[in-house]
Each structure stands twice: as structure tokens, then as C-alpha cells.
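The values are calculated or read from the model by the stated rules, or taken from the named source; none is laboratory data. Since the structure is predicted, the reported quantities are computational estimates derived from the model, not experimental observations. All Cβ positions, even for glycine, are placed from backbone atoms using ideal geometry, and neighbour counts span all protein chains on display. Heads up: the accessible areas ignore ligands, DNA and RNA and are worked out on the full protein's heavy atoms, side chains in. Shrake-Rupley method; radii C 1.70, N 1.55, O 1.52, S 1.80 Å.
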Amino acid sequence: MFRADITAAPSIGGRRSNRAHTIVSTLWKEQAQDMAQTKPRVFSGIQPTGGTHIGNYLGAIRNWVDQQDMYDNIFCIVDLHAITVPYEAGDLLERKMDMAKILLASGIDPERSILFMQSDVREHSELAWILGTQAMFGELRRMTQFKEKSGGQESVSVGLFGYPVLQAADIILYDAEKVPVGEDQKQHIELTRDITIRFNANFGETFVVPEPDIKKVGARVMSLDDPFSKMSKSNPNEGSRVELRDTPSQISKKIRRAVTDSGSEVRYDENEKPAVSNLINIYSLFARISVSEVEERYAGKGYGDFKKDLAEIVVEGLRPIQERITELDESPDEVYRLIDEGRQRAEAIARPKMERVRHVTGLTFTNS
Ligand code: ATP
Ligand code: LTN
């Protein structure tokens, strides 16, 4: 029992300087000093569902990459989430490999971040079951993503219903403080907070309560065929999104065909010009310049010039990623090796944490 307490103490938030004072024993003081130096932890996940697009990239992946030096990073390819809807086993394996390559090619650096497959670390499933006992039917039923994906049908999996509980387990298993995601995930992170607060109240302070990290710009890249719905892999119209693996000519064609608004001015106005505003956003994010700079650049010019340049900027922005993906296509063994290393590092955090959870919930049954 003493051992369990030692391993658990830092993870009850002790890693953070502002919580270091909660650690009382002398033995822990040294550890606490070390921990006060460490960076806040972030956790985020992405489903290996194929068709990764610039919405996923600008809303999530690129922020993870940009912020790698600021945080203690854990990124997870959430295959257990991907199996909550019907799928083929062979396809899943391919998509997991594809996603691993996309993340590495986008700049997730295994030296600075832990990158791993969710199902490789069994503690995710174990904690999800336990958290399921703390989550309420009513609160899960209200989740927008569930309502959208189930389309009101009865024949959807229990896994799809419990999806946000597994997501909560992913995050709190590592005591993540920040969760960088797109706007669509806000509700899931709020639910994660509620479940965590409830667990801590029932069993004692065990987990850090995480916060969403949602950027103002890029958090919601809209569809190219409808500026009122978000760019999505599930849209049957492939012209609605630019995928990371699209060729330059596919990208140009999709942008040329993207819907625009009436008038001809390249001006940011979400109400009057939602489609053009979305394209301006994409431009500003890829070119890493402000929205007003984009407007200045295109003052007096029309949609045609703007779209032509936008296509070029997106093609050039994706080019280095695509080149690295091609390189990784040649070395799958290296990808397996890096992901397995990630598993080991994730397990080293998840194991002791789960021991603590088993202990506080009365599941550990031993006389040692
Ligand atoms: P989709 O809705 O495209 O089918 P998803 O939301 O299920 O996909 P994931 O692959 O699980 O996609 O999402 C990975 C990350 O990408 C999440 O953080 C999500 O918030 C973000 N994301 C997805 N779509 C967009 C978008 N259109 N704009 C900004 N961020 C997005
Ligand atoms: N539900 C998320 C993917 C996801 C996730 C996570 C994101 C699963 N577990 C933990 C952040 C943290 C999605 O659909 N985008």
C-alpha cells in the first residue's frame, strides 16, 4: 500500500508547481522540486479514420507540432475510438499506419513527444470501464457528436455511445492539464471535466481536471462546398475538403470549385461572406499572416486571383509533409519502431496511475 501511495502522489497533480504544496512527506519533496521544473502536460488524440484533411491539420495537428517545446506532450492515435462504427480490420491496420506517417511527417517529433497507439496501452480500456460507472446515461445522451453520428437510430453500438468516456480515460490517465483540439470537441472535454470532478469527489483527489485548448483561428475550418458545416471526413463529397494526401492538381481543382459569396471583394465578413471568410482563414493560416494582411494583399483584386494564389499556398504548405510521407512509405519498420517506443513511454505513466485507481476504487485485492 505504501508503494502505491508513493507512485500515486506525484500524479495527483503534484507534477505541477501550484500543486506541489499538497505533497507532504519529505521523501516526496525532492521529487516535487524536480516536478516543479517540468512543463505542463498536454494530451490529444486523433482517429485513424482515413481522409485526414486540412481542417484536422490546421485545427489540431499543426498546433500540436507548433507547441511541442512548450509542453510535455502525449499524442495518441485512437484506434479504439475508430472501431465504434462499422469497419474492416485490414483497413483499420492500413489507416493506423497512414495516420502514424501523417503525424510524423507533419512534425510530431518522437524526441519531444510521446506518440503511440491507444489500444497498445491496455490501461485505456480498463480506466474507461471504471469511468463508465461514473458517467451518467443522461449526460452521454446529450452529446452532439453522438446525436450526429447515430442519426437517431437504435442500431448503433454501445461503444459509440460510450465514446466520450473512453476519451475522458485517455486524457486523465496521464493527468493532462491541456487538451488541444478543434472546436467540435469542446463538449467532450467539458464532460471529461465533469466525470473527473465526480470521480475525485467520490474516491479522493486522484486525477488532474483538464482544460480544453482551443485556438481562436483554425479551430473550425469550414467545408469548401458549404461554409455553414465544418470540413469533415464523413462528407461524401470529396470536393468539400482538401486532404493531406491530395495531389497539387486535386488541390487546385477543389479550391477553384470552392463556393464563394455574392460580390467580388476579398473581404473577411463571417455573416455576409462566410465562404470567402473561410478561404481567407485557410490562406492566413497556411501563409502565417493575419487576416487583415490577406485582405490588403487582395484589395482591388477578384476571387479568381485570390483562389489561384490560395491553391498555390496550400500546395506549398503541404509539399514538405507529402515528401516526408513518401520517405516514410519506404521505411515502415522505422514507423513500427517509433510507435512501439511511444507505447513503452506511455505505459510507464499509465501503469502506476492505473494501480492507484485500482487502489482507491477498492479493486486491488492483495495482502502484500
Ligand atoms: P471529421 O469530423 O472530419 O469526420 P473527426 O472530428 O471525427 O473528423 P478526428 O480525426 O477525430 O476527426 O479529429 C482530429 C482533430 O481534428 C480533432 O481535434 C478535431 O477537433 C479536429 N478537427 C476535425 N475537423 C475539423 C475542422 N473542420 N476544423 C478544425 N478542426 C477540426
Ligand atoms: N474524440 C476526438 C478524438 C479523441 C481525443 C481523445 C481528442 C479521442 N481521445 C483525447 C483529445 C483527447 C475526435 O473525434 N476528434
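Here are some notes:
- Test: ASP194 is modelled with pLDDT of 95 or more, closer than 29 Å to GLY362 by Cα and either open to solvent by less than 50 Å² (accessible area, probe 1.4 Å) or in a loop (DSSP other than H, G, I, E, B) (or both): no
- Any chance SER119 is hydroxyl-bearing (Ser, Thr, Tyr) and open to solvent by 20 Å² or more (accessible area, probe 1.4 Å): yes
- Helices (runs of 4 or more DSSP H) fully within region 41-114 that include at least 1 residues being without any contact (Cβ under 8 Å) to a residue 24 or more places away in the chain and closer than 25 Å to VAL217 by Cβ: 62-66.
- Some residue of region 70-81 being more than 16 Å from ligand 1 (Cβ to nearest atom), open to solvent by 10 Å² or more (accessible area, probe 1.4 Å) and not β-branched (Val, Ile, Thr): yes
- Per the listing ILE214, ILE255, the residue uniquely under 27 Å from ALA299 (Cα atoms) and β-branched (Val, Ile, Thr) is ILE255.
- Pick from region 185-208, criterion of a type in the set (A, V, I, L, M, F, W, C) and touching a residue at least 24 places away in the same chain (Cβ under 8 Å), ranking: nearest to ligand 2 (Cβ to nearest atom): LEU191
- Screening the candidates VAL165, VAL179, VAL209 for the property of being outside any helix (DSSP H, G or I) and either under 25 Å from THR84 (Cα atoms) or within 16 Å of ligand 1 (Cβ to nearest atom) (or both) yields one hit, VAL179.
- Residue in region 131-138 that is of a type in the set (Val, Ile, Thr) and within 16 Å of ligand 2 (Cβ to nearest atom) present: no
- Test result for ASP170, crowded, with 22+ Cβ neighbours inside 10 Å and either within 16 Å of ligand 1 (Cβ to nearest atom) or modelled with pLDDT under 95 (or both): yes
- Scanning region 255-278 for residues that are among the aliphatic types (A, V, I, L, M) and touching a residue at least 40 places away in the same chain (Cβ under 8 Å) returns ILE255, ALA258, VAL266, ALA275.
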